[in-house]
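Before any comments, here is the structure.
Bear in mind that the values in this text are calculations on the coordinates, not laboratory data. Quantities reported herein were computed from a predicted structural model and do not represent experimental measurements. For neighbour counting, all protein chains shown are included, and Cβ atoms are generated from backbone atoms with ideal geometry for every residue, glycine included.
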Ligand code: CMP
């Protein structure tokens with residue numbers, strides 16, 4: 001993983017990507033601008049693991065470009081892909097909301113750039129935006145349910 005310096009165009013892209021994501025909808029332009037300041041852009045190689053299932057959560061991610069797969073452990077060596085996420089999609093909210101370990105591994109399927117928001121900034125953002133926090137909790141619950149179904 002390599003941290004990339006963000007250009008104005010990247011910030012513009014991020015603001016647009018955020019607007020497409022349903023739960024950012026309650027935020028106005030000023031609030032979005034506040035959040036954008038805390039975000040880093042990181043580059044990953046094809047096949048690189050963003051994090052492993054079972055690790056503690058330290059960040060929240062939005063896909064800028066490329067694609068990642070969300071993989072659940074089945075047996076010691078086997079895993080099952082439960083979702084593929086692309087530009088504008090996000091992941092990593094569950095461990096930050098629940099303080100449980102990561103409930104799945106996330107692996108880059110191709111060269112991928114991710115916007116990364118560290119846990120402390122994510123929490124700050126949730127505190128400032130109760131509507132956003134509510135949306136995020138609902139989505140985490142839906143994903144937890146889907147993962148439980150798919151791991152059967
Ligand atoms: P977290 O548990 O922090 O780390 C793994 C992430 O994968 C999890 O947060 C979610 O963001 C994401 N995730 C888990 N299950 C699913 C699913 N069924 N569909 C989409 N994303 C998921």
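A few notes on this one:
- The listed residues are 104, 95, 111, 67, and the only one of them that is surrounded by 16 or more Cβ atoms within 10 Å (Cβ to Cβ), in contact (Cβ under 8 Å) with a residue 24 or more places away in the chain and closer than 25 Å to residue 15 by Cβ turns out to be 67.
- Matching helices (runs of 4 or more DSSP H) fully within the range 33-152 where at least 2 residues are over 24 Å from residue 4 (Cα atoms) and within 11 Å of the ligand (Cβ to nearest atom): 93-98, 130-150
- Test result for residue 6, outside any strand (DSSP E or B) and either at positive phi or surrounded by fewer than 18 Cβ atoms within 10 Å (Cβ to Cβ) (or both): yes
- Unique match (being more than 28 Å from residue 31 (Cα to Cα) and in contact with a helix residue (DSSP H, G or I) (Cβ under 7 Å, 6 or more places away or on another chain)) among 82, 106, 70: 82
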